[in-house]
1. Could you check the stretch 1-83 for strands (runs of 3 or more DSSP E) lying wholly inside it with 2 or more residues that are under 21 Å from the mean Cα position of the chain (by Cα) and of a type outside the set (A, V, I, L, M, F, W, C)?
2. For the stretch 55-78, indicate whether the set of residues that are touching a residue at least 60 places away in the same chain (Cβ under 8 Å), over 26 Å from Glu217 (Cα atoms) and touching a helix residue (DSSP H, G or I) at 6+ places or on another chain (Cβ under 8 Å) is non-empty.
3. Taking the options Arg216, Arg199, Arg195, Arg205, name whichever one is basic (Lys, Arg), free of Cβ contacts under 8 Å to residues at least 60 places away in the same chain, over 19 Å from Lys56 (Cβ atoms) and touching a helix residue (DSSP H, G or I) at 6+ places or on another chain (Cβ under 9 Å).
4. Checking Ala190 against (1) modelled with pLDDT of 95 or more; (2) surrounded by fewer than 20 Cβ atoms within 10 Å (Cβ to Cβ); (3) in a helix (DSSP H, G or I), only one condition comes out false. Which one?
5. Answer yes or no: is there a residue in the stretch 222-231 that is over 16 Å from Leu87 (Cα atoms) and either modelled with pLDDT under 95 or assigned by TED's automatic domain parsing to the domain that holds Ile294 (or both).
6. Take the stretch 233-246 and flag every residue that is aliphatic (A, V, I, L, M) and either buried (at least 22 other Cβ atoms within 10 Å of the Cβ) or in contact with a Pro (Cβ under 9 Å, 6 or more places away or on another chain) (or both).
7. Applying the selection to the stretch 61-79, what residues are of a type in the set (S, T, N, Q) and either in contact with an Asp or Glu (Cβ under 7 Å, 6 or more places away or on another chain) or at pLDDT below 95 (or both)?
8. Restricting attention to helices (runs of 4 or more DSSP H) lying wholly within the stretch 204-290, give those where 1 or more residues are over 16 Å from the mean Cα position of the chain (by Cα) and among the β-branched types (Val, Ile, Thr).
Amino acid sequence: MMTMNSHTPVMVREVLQLLRPQAGEVFVDATVGLGGHAVEIASRLIPGGWLIGMDKDPKALDLAARRLAHLSGAIRVTMVHADFRELPQVLRARGLEGLDGVLFDLGVSSMQLDNAERGFSFRFDAPLDMRMDTSQPGLTAADIVNRWSEADLRRVIAEYGEEPAAARIAHAIVQNRPILTTQQLAGIVARAAGRRGGRIHPATRTFQALRIVVNRELEGLQEAIEQAIRCLKPGGRIVVLTYHSLEARAVKRAFQKLSGRCICPPYVPTCECGAERLIYLLTPHALKPDAEEIARNPRSRSAQCRAAERVEETE
């Protein structure tokens, strides 16, 4: 079971160097999780700063609030149960017109992976759930696995899992319904996908695809990053951590578009994407964790870090 003490945030040194939080500033951690990054940012906002932590997992918010409790009085700390796509509404509700910095740490948290009952990992035998926000009814992985057509399963496993054996896996899932637990599904997928070399379990990509669909992780991601950039004050900074190529692609496109680079397909004769120069890139190429961090925290190995700064109004 994940605890606050065992939680290891990814690329903390790089995140802090890029965000440069200062006393009295206003920052948002739009995916606060267990608060590992948030507590490091918040401690640098003393005195008089304001840290807003957002997450759609209420259990994570509660743990993050406890982790940051010792800073109450030195700065203002606010926890908000909300999806990162709701950032503009969260700011308006609190009378904020601009931010000094915002962090997005995308993907599933260590707490969610290590909590057997959440159904994110095939390391534990648990019901197929995978919802980040269990406080609300909604689509679960079991719904997808047991109700969706073979064609739809093949599509999502191929698109969101980037799985070459998507057709075989989708067929095997349909043939073995009902599928009720994580390990039952992992076994079916592994048999369908066949033996592979390397250290990645054959079911990893299928589980990723299901999780992305259940939590709408890619739905509106590029637009959410663009919205966050528009919420920054001139000189404000955004840092985004991604963990797979689909997330990274959406973030890269958002950064390119708002750094003034057209992202239209090459066959479009004139720019239609609305590119405008609102930021300059602090990371022309994504940063990755060093070997020491990967050895200390193997889950960081797939992380990529991108950052940008809102340009001054006079530019």
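1. Details: elements: 26-29, 50-55, 76-81.
Where strands (runs of 3 or more DSSP E) fall fully within the stretch 1-83 and carry at least 2 residues being under 21 Å from the mean Cα position of the chain (by Cα) and of a type outside the set (A, V, I, L, M, F, W, C), they are 50-55, 76-81.
2. Within the stretch 55-78 (the criterion being touching a residue at least 60 places away in the same chain (Cβ under 8 Å), over 26 Å from Glu217 (Cα atoms) and touching a helix residue (DSSP H, G or I) at 6+ places or on another chain (Cβ under 8 Å)), the answer is no, since none of the residues qualifies.
3. Arg205
4. (1)
5. no
6. Residues of the stretch 233-246 aliphatic (A, V, I, L, M): 238-241, 246.
Selection gives Ile238, Val239, Val240, Leu241.
7. Scanning the stretch 61-79 gives a single hit, Ser72.
8. Numbers: elements: 204-215, 221-230, 245-258.
In the stretch 204-290, 204-215, 221-230 are the helices (runs of 4 or more DSSP H) which contain 1 or more residues that are over 16 Å from the mean Cα position of the chain (by Cα) and among the β-branched types (Val, Ile, Thr).
The values are calculated or read from the model by the stated rules, or taken from the named source; none is laboratory data. Just so it is clear, the structure is predicted and the values come from calculations on it, not from any experiment. No Cβ is skipped: glycine too gets one built from the backbone with ideal geometry, and neighbour counts run over all protein chains shown.
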